[in-house]
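The values are calculated or read from the model by the stated rules, or taken from the named source; none is laboratory data. The structure displayed is predicted, hence computed values, not measured ones. Because the Cβ atoms are built from the backbone with ideal geometry, glycine has one as well, and the counts that use them run over all protein chains shown. To get the accessible areas, we keep the full protein, side chains included, count just its heavy atoms, and leave off ligands, DNA and RNA. Shrake-Rupley method; radii C 1.70, N 1.55, O 1.52, S 1.80 Å.
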Amino acid sequence: MKQWIDIAALSDVPRLGARVVAHGEDEIAVFRAADDAVFALHNRCPHRNGPLSEGIVHGHRVTCPLHNWVIELDRGEAVAPDSGSTACYPVRVENGRILLELETAAEAAHG
Amino acid sequence: MTGRQKLVLVGNGMAGVRTLEELLKLAPDMYDITVFGDEPYGNYNRIMLSPVLAGEKTVDDIILNDDAWYADNGITLHKGKRVTRIDRVRRCAITDDGTEAPYDRLILATGSKPFIIPVPGHDKQGVIAFRDIHDVDTMLASSRTGRRAVVIGGGLLGLEAANGLMKQGMEVTVVHLLGTLMERQLDQVAADLLMRSLQERGMQFRLQAQTTEVLGDDRVTGVRFQDGSELPADLVVMAVGIRPNIELAQQSGLYCERGILVNDTLQTFDPSIYAVGECVQHRGSVYGLVAPLFEQAKVCANHLAEYGIAKYGGSMTSTKLKVTGIDLFSAGDFNGDEHSEEMVLQDAARGVYKKLVIRDNRIKGAVMYGDTLDGAWYFQLMRDEADITDLREHLLFGQAHIGDAGHGDEASRIAALPDNAEICGCNGVCKGEIVQAITSKKLFTLEDVRAHTKASNSCGSCTGLVESLLANTLGGDYSQTPSKKSLCPCTEHTHDEVREAIRTRELKTLPAVFEAMEWSTPDGCHVCRPALNYYLLMNWPGEYEDDGRARFINERVHANIQKDGTYSVVPRIWGGVTTPAELRAIAEVAEKYQVPTVKITGGQRIDLLGVKKGDLPAMWGDLSRAGFVSGHAYGKALRTVKTCVGSEWCRFGTQDSTGLGIQLEKLTWGTWTPHKFKIGVSGCPRNCAEATIKDLGVVCVDSGYELHVGGNGGVKVRATDFLCKVGSEAEVLEYAAAFVQYYRETARYLERTAPWIERVGLSLVKQKVVEDEVGRKALAKRFAESQAYAQHDPWLERAEGADAGEYRPLNRISA
């Protein structure tokens, strides 16, 4: 089942930067914009699977490090004229902590 | 009520609608927009009327904005309605049928009107101009019933009309008042070549002929000339010129001369009324080509969006004739005067003629016939007012002869290439795809094509090919990349302006630059941030704190990202000289971290590929303990110094090239440069270290050291230019430091030394680095000062714990 999980302090992610959360075999990229808005995306560019967490963050967008696709952080969609999208995860900040809503194995076992 | 301001556009043509497109990009929700156009169509590409007349395209092909576009953008379109009055007191546009549209701001884009010679009979049936779709329809209808056409006017438009009518099967005679065709674009030689090839196609000419009367009853039957001779005709096309359409503006009390007067922000004398396009007179000039209109549209939109930072400074235009199979290019002052000189290449057998008019070592004009491949290049040099002293020897032969051995002749064959020919080797884009995108998505500029197809978006070596395709597909008059190119879409300022401001206004942080230079975004983008970070670091060494968030991933984590997200690690191997102990250490590291590929690089080093990001700091720690530092193989920085064995071993070696290479590498490692920087040192003129395709090459000779600069072995192979010869190793080091520093201080970010030298000129580099001894020493000193802050091994720092969060996940959660 889905659950809000405390993954880190907001200060663990640099402004205009990203960090990665390992989720099983996958990676989730957690971004922090200059205005402290936080976003979470599947860490793969819709183009050729580039690690979005390594891109340059500007506004509420990130530029993929492999071929410069620009992805909207809030929706995971590529900025036109490119098209494609990557999965988004619900994320919020409470008392300086970043919470991510995830399907977890632990909970599945309990449920 | 939307609460939005009201914007009215009068004139539904290319200039006006382009302004709306630019405005919608900047401020999509700012205005309620109403458009009036007196033609019953959406916006179409007027420059493509000639191919429609020639039967090469249909009207549908040339529609740029169909009804759906207006609807999608919430624009109210009144087709077939003519605005007859502007009530500037009530701020209201009024049409012939009484429709009223109030405005807060209004754009006049009324274009121009064809000039009809007022000879007797000019109003007979079958006498028309060549201006709009209606005229083309009339010509096409006439070509089905009539046989003979007379086109009055031997300019660009007249010849295109004549060609189209001939393609439709008519017998066509072009009548021209003067003795030279296209006298405003061509000199006598080019005009004669053009006339001959048009004659070969069957076009007939009456030059130096003044039309005095159009003959016939209701319908035209012929024309009479001043000498009394007559020519029979079923159709007469008047193509003797256009006049700005200023009627509405005049009636509304706006100040007009030849056109509607506007200032650099495209405002008329009424500040709430803007004007763009052919109806405009700006700094005394009136334009009838599309590229200036687009430049105006951009500036006008910028002000309508209340950004208020763009300025229109006038345009320089070039012309190409849209007659399939005839290559003709003209720009600027092609006739010259007593103060200018000419360079001429004429090859009658190939039908090639090129003339450049040069004044004070700058191109002032160009006429080309038969081979127009380099037209865009000459035009760029002309607009940049580039000093051509150093290019003089090869200038006339074209860009392909300026050291570029890589992709030289492909562009000339572009028209003949099949659709499946690959144009962009990086992104695998074929000719057909590009042409398809240009026509179906109505693209006009290189940037548009890059955005939509990715062609020329990576290494850029096919840029010329893509530009040729644009020119071919659009028939020539496409919008060329403006020479004043902004650093990125976040700003109107150029690289040079920004760098200069950072220095003179003492801007020392990214936010300071954003604020002082009026950036349109709060924190820049992936293009400008790395550039600014470099300029700040270069200008304020020791003061500016490097911002990892403004660095591309490779430079941020000090390793090269690979396609699968792993990294490559290249330790520095000074001058390419290593030891068994070092090799053993590398072997152990490779095994310990299970490096899948170990590769010898072209720069005499060892590349460990496929390293996981999390392993990097520990691996660097092991390499540090074995004495290695970062090789900066990932950076816009000093890369390698390639050497040969030189006099120590080689029987031909004249100097210790290996030792000198190591000294040069010790001097320059760690420096950040505008783009990557490579050095080579060869021990004799046999040049085994390939020093003459490096950014800086030293070729040892018996009597000293030759210094060569600006070479490149990459996308475009470019051999170095000879800088000078010096007598001692100490001098080599001083000149090298000065050269690197001069490049660091004056090149634009991401500009290699090769294009930089072609832009600034070898003479200037020689003057600064060779001739001016005081200046050279000052450059070398500044380089040494910046190196004091740069020569810290980033690998050791990270092995010791710097940026630790970068290399490990925040958290691990089981799925």
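So which of B:Phe379, B:Phe334 is within 21 Å of the chain's Cα centre (by Cα) and either assigned to a strand (DSSP E or B) or crowded, with 18+ Cβ neighbours inside 10 Å (or both)?
Working: B:Phe334 fails: within 21 Å of the chain's Cα centre (by Cα).
Being within 21 Å of the chain's Cα centre (by Cα) and either assigned to a strand (DSSP E or B) or crowded, with 18+ Cβ neighbours inside 10 Å (or both) holds for just one of B:Phe379, B:Phe334, which is B:Phe379.
For every residue, the table says whether it meets (1) without any contact (Cβ under 8 Å) to a residue 24 or more places away in the chain; (2) open to solvent by 60 Å² or more (accessible area, probe 1.4 Å); (3) not hydrophobic (A, V, I, L, M, F, W, C).
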site: B:Ala747; (1), (2), (3): no, no, no
site: B:Glu751; (1), (2), (3): no, no, yes
site: B:Val774; (1), (2), (3): yes, yes, no
site: B:Ala778; (1), (2), (3): yes, no, no
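For the range B:511-564, a residue qualifies if it is open to solvent by less than 10 Å² (accessible area, probe 1.4 Å), within 24 Å of the chain's Cα centre (by Cα) and at the interface with chain A (Cβ under 8 Å from one of its Cβ atoms), and the qualifying residues are B:Gly524, B:Arg529.
May I ask you to say which residue of B:Glu758, B:Glu797 is under 30 Å from A:Arg32 (Cβ atoms) and in a helix (DSSP H, G or I)?
On the way: B:Glu758 fails: under 30 Å from A:Arg32 (Cβ atoms).
Sole residue among the options that is under 30 Å from A:Arg32 (Cβ atoms) and in a helix (DSSP H, G or I): B:Glu797.
Scanning the range B:158-178 for residues that are buried (at least 24 other Cβ atoms within 10 Å of the Cβ) and in a helix (DSSP H, G or I) returns B:Leu159, B:Ala161, B:Ala162, B:Asn163, B:Gly164, B:Leu165. Checking each residue of the range B:247-258 against the condition of being farther than 30 Å from B:Ala109 by Cα and either open to solvent by 50 Å² or more (accessible area, probe 1.4 Å) or not assigned by the TED database to the domain that holds B:Ser143 (or both) gives no match.
For the range B:188-201, the count of residues that are part of a strand (DSSP E or B) and surrounded by 19 or more Cβ atoms within 10 Å (Cβ to Cβ) is zero.
Looking only at the range A:69-77, decide whether some residue is open to solvent by 10 Å² or more (accessible area, probe 1.4 Å), closer than 22 Å to A:Arg97 by Cβ and of a type in the set (D, E, K, R).
Filtering the range A:69-77 for residues open to solvent by 10 Å² or more (accessible area, probe 1.4 Å) gives A:69-70, A:72, A:74-75, A:77.
Next, from what is left, pick out any that are closer than 22 Å to A:Arg97 by Cβ: A:74.
In the following step, the residues that additionally are of a type in the set (D, E, K, R) were identified as A:74.
Yes, the range A:69-77 contains a residue that is open to solvent by 10 Å² or more (accessible area, probe 1.4 Å), closer than 22 Å to A:Arg97 by Cβ and of a type in the set (D, E, K, R).
May I ask you to list the residues in the range A:56-69 that are at the interface with chain B (Cβ under 8 Å from one of its Cβ atoms) and touching a Lys or Arg at 6+ places or on another chain (Cβ under 9 Å)? Scanning the range A:56-69 gives A:Ile56, A:Val57, A:His58, A:Leu66, A:His67. Pull up the range B:637-654, narrow it to residues that are among the small types (Gly, Ala, Ser) and outside any strand (DSSP E or B), then point me to the one that is most open to solvent (accessible area, probe 1.4 Å). The selected residue is B:Ser647. Surrounded by fewer than 21 Cβ atoms within 10 Å (Cβ to Cβ) and modelled with pLDDT under 90, is that true of B:Asp32? Against the criterion (surrounded by fewer than 21 Cβ atoms within 10 Å (Cβ to Cβ) and modelled with pLDDT under 90), B:Asp32 does not qualify. For B:Arg808, the criteria (1) closer than 24 Å to B:Pro674 by Cβ; (2) within 14 Å of chain A (Cβ to nearest Cβ) hold in every case but one, which is (1). Within the range B:439-455, the residues that satisfy the criterion of being assigned to a helix (DSSP H, G or I), within 13 Å of another protein chain (Cβ to nearest Cβ) and open to solvent by less than 40 Å² (accessible area, probe 1.4 Å) are B:Val449, B:Ala451, B:Thr453. Summed over the range B:143-154, the residues that are surrounded by 24 or more Cβ atoms within 10 Å (Cβ to Cβ) and not in a strand (DSSP E or B) give a count of 2.
Every residue in the range A:1-20 that is facing chain B (nearest Cβ under 7 Å) and more than 17 Å from A:Leu73 (Cβ to Cβ), please. Residues satisfying the conditions are A:Ile5, A:Ala8, A:Asp12. Exactly one residue among B:Tyr593, B:Tyr535, B:Tyr567 is touching a residue at least 24 places away in the same chain (Cβ under 8 Å) and out of contact with any strand residue (DSSP E or B) (no Cβ under 8 Å at 6 or more places or on another chain), and that residue is B:Tyr535. For B:Tyr749, the conditions (1) more than 25 Å from B:Arg556 (Cβ to Cβ); (2) in contact with a Pro (Cβ under 8 Å, 6 or more places away or on another chain) are fulfilled apart from (1). Which number in (1) at the interface with another protein chain (Cβ under 8 Å from one of its Cβ atoms); (2) out of contact with any Asp or Glu (no Cβ under 8 Å at 6 or more places or on another chain); (3) free of Cβ contacts under 8 Å to residues at least 40 places away in the same chain marks the one condition that A:Glu72 misses? Status for A:Glu72: all satisfied but (1). Of all residues in the range B:54-81, those satisfying the criterion of being at pLDDT 90 or above and surrounded by 17 or more Cβ atoms within 10 Å (Cβ to Cβ) are B:Trp69, B:Tyr70, B:Ile75, B:Leu77, B:His78, B:Lys81.
Does B:Arg572 count as surrounded by 18 or more Cβ atoms within 10 Å (Cβ to Cβ), on the phi < 0 side of the Ramachandran plot and more than 14 Å from chain A (Cβ to nearest Cβ)? Criteria met by B:Arg572. Within the range B:485-507, the set of residues being exposed (fewer than 15 other Cβ atoms within 10 Å of the Cβ) and free of Cβ contacts under 8 Å to residues at least 60 places away in the same chain comprises B:Lys485, B:Pro489, B:Glu500, B:Arg503, B:Thr504, B:Arg505, B:Glu506.
Please verify whether B:Tyr789 is open to solvent by 20 Å² or more (accessible area, probe 1.4 Å) and closer than 20 Å to B:Val641 by Cα, treating the condition exactly as stated.
Working: open to solvent by 20 Å² or more (accessible area, probe 1.4 Å): yes; closer than 20 Å to B:Val641 by Cα: no.
Considered against the rule, which asks whether it is open to solvent by 20 Å² or more (accessible area, probe 1.4 Å) and closer than 20 Å to B:Val641 by Cα, B:Tyr789 comes out as no.
Scan the range A:41-64 for residues that are without any contact (Cβ under 8 Å) to a residue 40 or more places away in the chain and in contact with a Cys (Cβ under 6 Å, 6 or more places away or on another chain) and jot them down. Across the range A:41-64, the qualifying residues are A:Gly50, A:Leu52, A:Gly55, A:Cys64. Would you check which residues across the range A:21-54 are crowded, with 23+ Cβ neighbours inside 10 Å and either among the acidic types (Asp, Glu) or within 7 Å of chain B (Cβ to nearest Cβ) (or both) and list them? Within the range A:21-54, A:Val21, A:His23, A:Val30, A:Glu54 meet the criteria.
With a requirement of 2 or more residues that are among the acidic types (Asp, Glu) and in contact with a helix residue (DSSP H, G or I) (Cβ under 9 Å, 6 or more places away or on another chain), the helices (runs of 4 or more DSSP H) lying completely within the range B:1-115 that satisfy it span B:14-26.
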